[in-house]
Amino acid sequence: MTDAKPLAGKTALVTGASRGIGAATAKALAEAGAHVILVARRVKALEEVEDAIHALGGTSTIAPLDLTEADSVGRLASAISGRWDTIDILVLSAAYLPTLTPISQVEPKQFNEAIMTNVVATQALLAAFDPLLRKAEGARVIGLTSSVGADPRPFWGAYASTKAAFDNLLETYGAEVERLSPVRVAVIDPGATRTEMRARAYPGEDPETVKPPETVAARIVQLVQEDFPSGHRERVD
């Protein structure tokens, strides 16, 4: 008989949890039994995700936060460590997409926000939650990437360069902890998915022609229960 709540007793933290893949993943993890800490900037959107989780019979805690603000991640880690002994699942879904433009015309303010959100905040999250991840029994870190990070594409340079750095940070961290702890790290390319970010990048695309974020979320819930090696990469089609 299959356990209906395979993640019961686990604590998960999901960034970018107010919409898209992050929100869908938070709901799926909670439905599988995990208590989910929801991190994003928009309070109202987080409350809506929390209401949906409660309607599913799950539990969650909202943590409204701008990951790009100085010391914000440190404050979050301090608050969480005062309440929970471990983080079993860390899903890094938050991302910022600058306007698609030639490299010569990249808007500096947008590029800086992409670097802060996609790169600097990622390192800060890994550093801040490393102690809680190591205390868990087989913690899992899942980073959501994009194919453009490894496959340069015209006009995507500002975003792609930050996702390449994101991938490198995740994979390096995975290699560092693999022999020292049961923490395992995976990088997931969700592929074409029906999200607001996708709609901004492809305004003429019919959203019904691409998969819903729930498909990616379901795969993440499966993956965090698997015994994969650090550095695992896959695409969800």
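Computed quantities for the displayed model
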quantity	calculated
Test result for Thr117, open to solvent by less than 40 Å² (accessible area, probe 1.4 Å) and assigned to a helix (DSSP H, G or I)	yes
Test: residue in the range 13-20 that is touching a residue at least 24 places away in the same chain (Cβ under 8 Å), charged (D, E, K, R), open to solvent by 40 Å² or more (accessible area, probe 1.4 Å) and in a helix (DSSP H, G or I)	no
Condition met for Gly57 (over 15 Å from the mean Cα position of the chain (by Cα) and free of Cβ contacts under 8 Å to residues at least 40 places away in the same chain)	yes
Odd one out for Thr195, checked against (1) hydroxyl-bearing (Ser, Thr, Tyr); (2) touching a residue at least 60 places away in the same chain (Cβ under 8 Å); (3) open to solvent by 50 Å² or more (accessible area, probe 1.4 Å)	(3)
Some residue of the range 155-163 being modelled with pLDDT of 95 or more and over 24 Å from Arg41 (Cβ atoms)	yes
Filter result for Gly9 (touching a residue at least 12 places away in the same chain (Cβ under 8 Å) and touching a helix residue (DSSP H, G or I) at 6+ places or on another chain (Cβ under 7 Å))	no
Subset tally (residues that are under 13 Å from Ser146 (Cα atoms) and in a loop (DSSP other than H, G, I, E, B)) for the range 157-190	1
Positions within the range 78-92 being open to solvent by 10 Å² or more (accessible area, probe 1.4 Å) and more than 16 Å from Ala30 (Cα to Cα), in sequence order	Ser78, Ala79, Ser81, Gly82, Arg83, Trp84, Asp85, Thr86
Subset tally (residues that are touching a Leu at 6+ places or on another chain (Cβ under 9 Å), open to solvent by less than 70 Å² (accessible area, probe 1.4 Å) and part of a helix (DSSP H, G or I)) for the range 29-69	6
Gly204, sole failed condition from (1) touching a residue at least 24 places away in the same chain (Cβ under 8 Å); (2) over 16 Å from the mean Cα position of the chain (by Cα)	(1)
Some residue of the range 132-150 being open to solvent by 40 Å² or more (accessible area, probe 1.4 Å), without any contact (Cβ under 8 Å) to a residue 24 or more places away in the chain and either out of contact with any Phe, Trp or Tyr (no Cβ under 6 Å at 6 or more places or on another chain) or not in a strand (DSSP E or B) (or both)	yes
Test set (1) in contact (Cβ under 8 Å) with a residue 24 or more places away in the chain; (2) open to solvent by 30 Å² or more (accessible area, probe 1.4 Å) - Ser104 fails condition number	(1)
Subset of the range 116-137 (residues that are out of contact with any strand residue (DSSP E or B) (no Cβ under 7 Å at 6 or more places or on another chain) and more than 19 Å from Tyr96 (Cβ to Cβ))	Ala127, Ala128, Asp130, Pro131, Leu132, Arg134, Lys135, Ala136, Glu137
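Residue-wise test of (1) crowded, with 18+ Cβ neighbours inside 10 Å; (2) outside any loop (DSSP other than H, G, I, E, B); (3) in contact (Cβ under 8 Å) with a residue 60 or more places away in the chain.
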{"residue": "Thr99", "(1), (2), (3)": "no, no, no"}
{"residue": "Lys109", "(1), (2), (3)": "no, yes, no"}
{"residue": "Asn112", "(1), (2), (3)": "no, yes, no"}
{"residue": "Leu125", "(1), (2), (3)": "yes, yes, yes"}
{"residue": "Phe129", "(1), (2), (3)": "yes, yes, yes"}
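The values are calculated or read from the model by the stated rules, or taken from the named source; none is laboratory data. Keep in mind that this is a model prediction, so the values were computed, not measured. FYI the Cβ positions are ideal-geometry reconstructions off the backbone, even for glycines, and counts take in every protein chain you see. When the accessible area is computed, the model is the full protein with side chains, heavy atoms only, and any ligands, DNA or RNA have been set aside. Shrake-Rupley method; radii C 1.70, N 1.55, O 1.52, S 1.80 Å.
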